[in-house]
Amino acid sequence: MLYDWMDRPIPPAPPEGPKVIPQECGEPAVDATHLHPRIHFLASYRAQGIAVAPRRLWLRRSVAQRLCRVAEELDSGMILAVFDGLRPQGVQQALFDGYRSRLAGLHPDWPPERLWEETCRFVASPLVDPLYPSSHLTGGAVDLTLYQDGRPLPMGTDFDDFRPHAATRYYERPGLSGESLTWRNHRRLLYHLMAAQGFTNYEEEWWHFDYGNPSWARLTGCPACYGYCPIPDAGQES
């Protein structure tokens, strides 16, 4: 069944509902770094030199449990490789500032309003709004990919590639062959594995999935139960 999903197109994202104020359920975030032998945390932002990035993978408990169920579906030699989970506000600020600076260099003619809007297309505002927290500040978002026999399955772009090619359905078109067909099939596999456990996908990023947070609620019509969530114990990050 696992590879049958490669024959199933990724459906278009449903229309987004209105912005949702989460009703925090109080579910704790848990350390999922070693929760399952087929889940490996890459600590990508720590590896990029962002000093405040977590060394460990933190997720809301239900998100971690669902991710374990995804891992149980994988074939021998395959793992889930997680780039990022619960993100401290300092990491969000660093990512936002870095991408905004890059865009400013590429488009010096853009006014501040345009620069802010374009930055927010791929990196959420670093401002902590308790009514509308960004996905990774809730513990209900996870960025990940698939590895086979120790190597990442090619998806057509790297993680945090903000070109149009990173859109989840970019390769959902007829007449594909060669690498493009392979990339499409791998994206389909990841998408359907995650969707089967209740996750929604951010259509601009093949690697980003949500559960329980406002982004997920806007696509499912269900109440959002995860609001802003700090790292449970900063001391465990040392």
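Among the cysteines of the chain, those with no neighbouring cysteine Cβ under 4.7 Å are Cys68, Cys120, Cys222, Cys229.
A Cβ-based charge dipole, computed about the Cα centre of the chain with Lys and Arg at +1 and Asp and Glu at -1, lands at about 160 debye.
Projecting the alpha carbon convex hull of the chain along each direction and taking the average yields 13.5 nm². Accessible surface computed residue by residue for the stretch 1-116, with neighbouring protein chains in place and a 1.4 Å probe, gives 54 Å² per residue. Among Ala13, Phe41, Trp58, flag the residue with its Cα farthest along the positive direction of the charge dipole of the stretch 13-66, charges on Cβ as +1 for Lys/Arg and -1 for Asp/Glu. Final value for the positive-end residue is Phe41. At full extension, Glu117 and Glu172 could sit 17.1 nm farther apart than now, given 0.36 nm per residue minus the alpha carbon distance. Carbon-plus-sulfur accessible fraction, the chain (probe radius 1.4 Å, protein heavy atoms only): 53%.
Here the relative contact order of the stretch 122-238, from alpha carbon pairs under 8 Å that lie six or more residues apart, stands at 33 percent.
Report summary: the helix-based calculation at 222 nm, which adds -39500 (n - 2.57) for every DSSP H run with n ≥ 4 and divides by the residues of the chain, gives -8500 deg cm²/dmol. For the stretch 104-144, the equivalent ellipsoid built from the Cα gyration tensor has semi-axes of 25, 13, 6 Å, listed from largest to smallest. Highest-first packing order for the peptide set 95-101, 222-228, 105-111, 2-8 is 222-228, 95-101, 2-8, 105-111, based on the mean count of other beta carbon atoms within 10 Å.
In the context of the full set of protein chains, residues of the stretch 155-211 present 41 Å² of accessible surface per residue (probe radius 1.4 Å, heavy atoms only). Residue ranges 60-68, 158-166 sort as 60-68, 158-166 when ordered by packing (mean number of other C-beta atoms within 10 Å per residue, highest first). Centre-to-centre, using Cα atoms only, the stretch 27-92 and the stretch 111-175 are separated by 16 Å.
Label positions at His165 and Met6, each projected 7 Å from the Cα along the C-beta direction, are separated by 2.0 nm. Note on the stretch 118-238: along the principal axes its Cα atoms extend 46, 36, 31 Å, ordered by decreasing extent.
Note on the stretch 88-158: along the principal axes its Cα atoms extend 47, 32, 16 Å, ordered by decreasing extent. In whole percents, the pair-distance distribution calculated for the stretch 64-185 from its alpha-carbon pairs, binned every 10 Å from zero, is 11, 31, 34, 20, 4, 0.
The values are calculated or read from the model by the stated rules, or taken from the named source; none is laboratory data. All figures in this text were calculated on a predicted structure; none of them were measured in a lab. All Cβ positions, even for glycine, are placed from backbone atoms using ideal geometry, and neighbour counts span all protein chains on display. Quick note on the areas: whole protein, heavy atoms, side chains included, nothing else; ligands and nucleic acids left out. Shrake-Rupley method; radii C 1.70, N 1.55, O 1.52, S 1.80 Å.
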